[in-house]
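Worksheet for the structure shown next.
Every read-out reported here was derived from the displayed coordinates using simple, explicitly stated rules and does not represent laboratory data. None of the values given here were measured: they were computed from a predicted structure. Here the Cβ positions follow ideal geometry from the backbone for every residue, glycine too, while neighbour counts run over all protein chains shown.
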Amino acid sequence: MISGKTRVLGVIGHPVEHSSSPAMHNAALQALGLDWVYVAFAVRPAELRAALAGMRALQIRGLNVTVPHKVAVMECLDELSPEAREIGAVNTIHNRDGRLIGHNTDAFGAMESLRQEGGLEQFPPQAALLGAGGAARAVLYGLLQRPEVERITLLNRTPEKGEKLATELDPGGKRVRVGKLDPQSKDQVRDAGLLINATSVGMHPRQGESPLADPSCLRPGMVVLDLVYNPLQTLLLRQAQEAGARPVDGLGMLARQGARAFEIWTGMEPPVEVMRKAGMERLGKPVI
Ligand code: ATR
């Protein structure tokens, strides 16, 4: 029941109708019996600043931020967390007594999913990361936070973008080496104990594609995380399963980045499994 005291959370994006965040967060709010509600706001880029002014005026407690606002929103905020500043993108805004604080929970979500769903208490010394966009940037930040990860091979279709990302996050160039993602990429992936796909290859409607043309570099003992969650079972994850590697789908990261945002807003321990299940039910419906 919505009451006179109901607090409001939400997500801003454009488009935003397909977001699974409302399902996940409302399930979590209900599970904890909180008089809060989470809604989706379609905000056009030209209205972003006005939307943030509205967040202050209406005392909206928290917003998630999705495409295309994750970078542009940074200059409308009062403060940035160290992660958000370093990653250069915000996916969560916390309205703390009128001060808007930008966070980025994507790196946490990905690392926590690797720990929980991937069974990685200790990360392997060598990791391979495919992609150099916004998602790859958050993952690279997370990997660099783990001292046991000695070497990260970053492969991207456009290697210049990979070089730029590596230089920004690993200025000394000690741990990240960059290459081109192409059919020959298997040699650069073979030695990695962890492979993460942060490209959009394999996403609906091109679910017949895998970022690795030749999956022979996948092997038992390797953990393979695909950030694509539409569909959940990507061709890359099927290839990983067939090779005896451990496949990890993108739902864990989705639920865990949301759970961390929930914790920032409410100060309460998030019911991660409830969020995961709600996300799964939402994703189970055709996303067009
Ligand atoms: P996101 O925010 O999800 O990371 P993005 O910033 O648009 O989205 O990044 C998309 C990533 O997928 C990029 O690394 C992109 O490679 P380029 O930098 O070369 O554009 C990668 N990508 C998209 N389509 C691809 C394809 N068909 N083959 C290989 N890589 C692809």
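Sorting check: for 173-185, 256-268, which peptide has the highest mean count of neighbouring beta carbons within 10 Å, and how do the rest follow?
256-268, 173-185
With each pseudo-label sitting 7 Å past Cα toward Cβ, what's the Glu281-Ala72 distance in nm, one decimal?
3.4
Give me the log10 of I(q) over I(0) for the chain at q = 0.12, 0.14 Å⁻¹, as the Debye formula computes it from C-alpha points; what are the numbers?
Computed log10 I(q)/I(0) values: -0.75, -1.01.
Taking every eigenvalue of the Cα gyration tensor of the range 202-288, multiplying by 5 and rooting it, what semi-axes result, largest first, whole Å?
Values: eigenvalues 154, 50, 18 Å².
Value: 28, 16, 9 Å, ordered largest first.
Expressed as cubic angstrom per residue, what is the convex hull volume of the alpha carbon set of the range 26-76?
Numbers: hull volume 4.4 nm³, N = 51.
Value for the range 26-76: 86 Å³ per residue.
Sort out for me the Cα centre separation of the range 1-74 from the range 135-164, rounded to whole Å.
30
Suppose R0 equals 41 Å; then what is the FRET efficiency for Lys180 and Glu17 from their Cβ-Cβ distance, rounded to the nearest 0.05?
That gives a FRET efficiency of 0.70.
Can you tell me which lysines have their Cα less than 25 Å from the Cα of Lys5? Leave out same-chain residues fewer than eight positions away.
Result set, ordered by chain and number: empty.
Roughly how many nanometres apart are two label points built 7 Å out from the Cα toward the Cβ at Ala57 and Glu269?
Distance between the two pseudo-spin positions: 4.0 nm.
Based on DSSP H runs of at least 4 residues, each adding -39500 (n - 2.57), what is the mean residue ellipticity at 222 nm of the chain after dividing by all its residues, to the nearest 500 deg cm²/dmol?
Value at 222 nm, helices only, nearest 500: -10500 deg cm²/dmol.
Counting other C-beta atoms within 10 Å, and keeping those with at most 11, which DSSP coil GluC sites (Glu not before Pro) do you find in the range 121-203? Show your work: numbers first, answer last.
Values: sites: Glu121, Glu148, Glu150, Glu160, Glu163, Glu168; in loops: Glu121, Glu148, Glu150.
Passing both the DSSP loop test and the Cβ count: Glu121, Glu148.
Once the Cβ-Cβ distance between Phe41 and Asp187 is put in as r, and R0 is 45 Å, what FRET efficiency do you end up with, to the nearest 0.05?
Once the sixth-power term is evaluated, E becomes 0.45.
For the range 83-103, list residues with backbone N below 18 Å from a point placed 7 Å from the Cα of Leu34 toward its Cβ?
Those under the cut-off are 91-103.
Which whole-number percent gives the relative contact order of the range 194-288, counting Cα pairs below 8 Å spaced six or more residues apart?
The normalised contact order for the range 194-288 reaches 24 percent.
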